[in-house]
1. Within region 190-202, is there a residue that is in a helix (DSSP H, G or I) and in contact with a strand residue (DSSP E or B) (Cβ under 8 Å, 6 or more places away or on another chain)?
2. Mind listing just one residue for me: the one in region 112-164 that is part of a strand (DSSP E or B) and touching a residue at least 60 places away in the same chain (Cβ under 8 Å) and, of those, farthest from ILE9 (Cα to Cα)?
3. Looking only at region 76-97, count how many residues are modelled with pLDDT of 95 or more, part of a loop (DSSP other than H, G, I, E, B) and either crowded, with 22+ Cβ neighbours inside 10 Å or within 19 Å of the chain's Cα centre (by Cα) (or both).
4. Which numbered condition in (1) β-branched (Val, Ile, Thr); (2) in contact with a Lys or Arg (Cβ under 6 Å, 6 or more places away or on another chain); (3) buried (at least 18 other Cβ atoms within 10 Å of the Cβ) is the only one that VAL208 fails?
5. Specify which of the listed residues (VAL74, VAL97) is in contact with a helix residue (DSSP H, G or I) (Cβ under 8 Å, 6 or more places away or on another chain) and without any contact (Cβ under 8 Å) to a residue 40 or more places away in the chain.
6. Would region 42-65 turn up any residue that is at pLDDT below 95 and crowded, with 20+ Cβ neighbours inside 10 Å?
Amino acid sequence: MIVELSHRITEGMTTYPGVPGPTLGTHLSRQDSRKVYAPGTEFEIGVITLAANTGTYLDTPHHRYAGGHDLSQVPLSRLADLPGLLVAASGGGREVVLDTALDVRGRAVLIHTGWDRHFGTDAYFRDHPYLAPESAAWLAEQGAALVGIDSLNIDDTPPHGERPAHTILLGAGIPLVEHLTGLSALPGEGFRFHAAPPMIAGMGTFPVRAYAVVP
């Protein structure tokens, strides 16, 4: 079974406050293409302008660090066909603290908060769940392959702009996937996770089609 874990990207959508929504257009319309191709043959070539942080997206180390690996440099072994581990947030608070008895080495650790139920509403942008800095440090120490969350940000988003989870995890070379959705459909483990972006040199973040394969 394949489980969809990405939000749909639509014209003008807001993923994060202050980040412009995407605009869609046409480079070559079907009507104009009729002048180029044989009779009865037509195509459309679309154009999209979007900020890299749109929809469900991947953060590479280059997003945080100028010398970090970018989208073209992170190996596929850190992005695709990863053994997955689903971690459910508990306790009812905003800060998610992970159980240090978990086996996370080499796994895609997906943090299920349920916050994706607010996506597309103003509530999504306020008081969202986030990963505790000490848990981010523990994930880095234990060698997680990738970390994802179904919330606005893996960090708290206070006005002073501190981002400890990004700093720790990306500093350790661990890619992040934010704005996941549909994690409730996954088992605790035994699935394979995929979230590979295009190989774009010089960029640190880009939307992905994240999904899981469940036996």
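1. Looking through region 190-202, none of the residues is in a helix (DSSP H, G or I) and in contact with a strand residue (DSSP E or B) (Cβ under 8 Å, 6 or more places away or on another chain).
2. That would be LEU146.
3. Of the residues in region 76-97, 3 are modelled with pLDDT of 95 or more, part of a loop (DSSP other than H, G, I, E, B) and either crowded, with 22+ Cβ neighbours inside 10 Å or within 19 Å of the chain's Cα centre (by Cα) (or both).
4. Of (1) β-branched (Val, Ile, Thr); (2) in contact with a Lys or Arg (Cβ under 6 Å, 6 or more places away or on another chain); (3) buried (at least 18 other Cβ atoms within 10 Å of the Cβ), only one is false for VAL208: (2).
5. Every option except VAL97 fails the conditions.
6. no
The values are calculated or read from the model by the stated rules, or taken from the named source; none is laboratory data. Predicted model only: the values in this text are computed from it and were never measured. Here the Cβ is made from the backbone with ideal geometry for all residues, glycine too, and neighbour counts use every protein chain on show.
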